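Working notes, beginning with the structure itself.
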Amino acid sequence: MDVNIFGFMPALLPVALSPGASFTLVMNSALAGGHKGLIRTLAGTALGIYTHAVLIGLGVTAVLISSPAAFAVLKVAGTAYLLWLGAMLIRSGITVNTGGFSDSKHAVTLKEAWLANVLNPKAILFYVTVVSQFAGIKGGVSNYLTLASVHVVVMSVWLFSVSQTLIFSVKKTNPLMLKKYVNIAGGMLLIAFSLHSLIKV
């Protein structure tokens, strides 16, 4: 196995630590569902990362990227899904005072977190253009799964740490107001990320 994990880390860190769709969803889940919501979103995101690893290892992603029409459909579908999630977060933030902090129906589900990652064109391109450089000459599913595991660990540790800080701050402030602002700001960021992805990717 000629996986270059040490070379992969400097390329991974800026991506894993920068605010994006996963970051926004995790922050919402931490507030809406507490630790259970946080774990659910982290698990869904991790499953999305492993899905990308399997698909690129099997060559499915390369076929998808080689077809401009298929990739365009994926971009539109991914953007539409993230726009919908962003709208749901904003709606939940606007109505938080009437719904109450304990209302967890707007917490992100495992499936939603998985879909948000799998349908994200930037995540697909990251695995095709960056991760593939560190998966060895022959690549293969096992090599990609190894790199995906490193990605999941780094992402999980970072998002768990940040979300714990957020949950801790709830104890020192008005939880309804915090949830309101995090949901509205998170929804707006999610919409901005999805539109930027549609234009730039």
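The values are calculated or read from the model by the stated rules, or taken from the named source; none is laboratory data. Just so we're clear, the structure is a prediction, and the values are computed from it rather than from any experiment. All Cβ positions, even for glycine, are placed from backbone atoms using ideal geometry, and neighbour counts span all protein chains on display. Just the protein is used for accessible areas: all its heavy atoms, side chains included, with ligands, DNA and RNA removed. Shrake-Rupley method; radii C 1.70, N 1.55, O 1.52, S 1.80 Å.
Strictly over 24 Å apart at the Cα level, which of 36/75; 36/122; 36/111 would you flag in this model?
Check vs 24 Å cut-off fails for 36/75; 36/122.
Which peptide among 152-160, 78-86 comes first, and what is the full order, when sorted by highest mean count of other Cβ atoms within 10 Å?
Going by the mean number of other Cβ atoms within 10 Å, highest first, we get 78-86, 152-160.
Would you check the accessible area of residue 122, probe 1.4 Å, heavy atoms only, in square angstrom rounded to 10?
Rounded to the nearest 10, that gives 90 Å².
For a Förster distance of 22 Å, can you work out the FRET efficiency between the beta-carbons of residue 138 and residue 15, rounded to the nearest 0.05?
Taking R0 as 22 Å, the efficiency between residue 138 and residue 15 is 0.35.
Any idea how far apart residue 67 and residue 110 come out in nm if each label point goes 7 Å out from Cα toward Cβ?
Roughly 3.0 nm, to one decimal.
How high is the FRET efficiency from residue 130 to residue 35, r the C-beta distance, R0 35 Å, rounded to 0.05?
It comes out at approximately 0.65.
Determine how large the accessible area of residue 9 is when every protein chain is in place; take a 1.4 Å probe and give Å² rounded to the nearest 10.
Rounded to the nearest 10, the figure is 60 Å².
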